[in-house]
Amino acid sequence: MTSEVLKVEKLKKVIGKRTIVSDISIELSKGEIFGFLGPNGAGKSTTIKMIVGLSKITEGNIYVGGCSVKKDFKGAMRNIGCIVENPDMYKYMSGLDNLRIFAKIYDGVDEARINEVIKIVDLERAIKDKVKTYSLGMKQRLGIAQALLHNPKLLILDEPTNGLDPAGIKDMRELLRKLSSETGLTVLVSSHILGEMQQMCDRIGIINKGKIITVKTVDELLNISQKGDRTVLILESDDNEKAITLLTSMSITSSILGDGVHIETTKERVPELIKTLTLAGVGIFGMDRQETQSLEDVFMKLTGEEK
């Protein structure tokens, strides 16, 4: 038995002679929201398909709630609720009737549990309306209610905010946070909206070319470029044009923007550039490091997608 809600252990998928993913290992704890990121073709969807039993494992293993996908497939799947993009519903039936139909798939899901998940996703006022009248955000909530009927330990959402407006995205984020904090549900979510993942997730796993290249908290990722890597400085001087010329001669990238000269360099070169500017007679009024770095910046850097 494993203490983690999800444990992916040295996972490998080979199709024909092509290795799609190799040596994927991640662990998710109770109540955690884990973001799974990767460029198109990186192996993200293939990994998710193996976790939910839609694709056969070539090597390695997956444990969900302590149950091995290989040895106890039904037990593992009982611990998973899943939505891939937009959930399929019977549009000419009410939300309630949809849930009643899906409840029949599972043992022990009674009317009380149906009402409980309706309350959790905040659909009480619209649950008796036909699904065709629902907004996309409401359909997503109904889909999550469906996925939660059998009280899984792990909820997997693939691109859950696709097509949602900003208000709908915010509602989805708040719902997932509520589920993780109040019920202890573990959530694995993939999305291409990196700014939203930054606000939603506790940890992020980035996959590229079939391999996990890093798993870190959001704060750790946003600070990933500090030591020995490129940093951005904002220089206030009395002669920005001269500063640009001197920095260019040092092969240091710089440009004049509204709040001063933006300099891209490494921490180790800062004393050198300050000395060069000062000796050349450039008056320095101030120099600050630009701390704002987005998850998108880090993602592009780590996956080599920078232009």
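The values are calculated or read from the model by the stated rules, or taken from the named source; none is laboratory data. Values in this document were obtained by computation on a predicted structure and should not be read as measured data. All Cβ positions, glycine included, derive from the backbone under ideal geometry; neighbour counts span all protein chains shown. Areas reflect the complete protein model, heavy atoms only, side chains present, ligands, DNA and RNA absent. Shrake-Rupley method; radii C 1.70, N 1.55, O 1.52, S 1.80 Å.
Assuming 0.36 nm per residue, please report the length gained on full extension of the stretch Lys17 to Phe285 beyond their Cα-Cα distance. Between Lys17 and Phe285, full extension yields 90.4 nm more. Ranked by the mean number of other Cβ atoms within 10 Å of their residues, highest first, the peptides 295-302, 244-251, 89-96 fall in the order 295-302, 89-96, 244-251.
Specify the inter-centroid distance of the range 1-66 and the range 165-227, based on alpha-carbon positions, in whole Å. Each part's Cα centre sits 17 Å from the other's. In the range 1-64, Cα pairs under 8 Å separated by at least six residues give a relative contact order of 45 percent. Accessible surface calculations at 1.4 Å, restricted to protein heavy atoms, place the chain at 52 Å² per residue.
Among the listed options [x] 29, 45, 21, 5; [y] 30, 51, 20, 0; [z] 32, 59, 8, the one matching P(r) over Cα pairs in 20 Å bins from 0, in percent as calculated from these coordinates is [x]. Nonpolar atom fraction for the chain, defined as the carbon and sulfur part of the 1.4 Å probe accessible area, stands at 48 percent. The DSSP beta bridges internal to the chain are antiparallel in roughly 65% of cases. Close amide H contacts of Asp23 (hydrogens built in the peptide plane, cut-off under 5 Å, sequence separation of 5 or more or a different chain): Leu11, Lys12. In percent, rounded to a whole number, the relative contact order of the range 120-217 is 23, using alpha-carbon pairs under 8 Å and six or more apart. The dipole here belongs to the chain: it is taken about the Cα centre, uses +1 on the Cβ of Lys and Arg and -1 on the Cβ of Asp and Glu, and is about 1660 debye.
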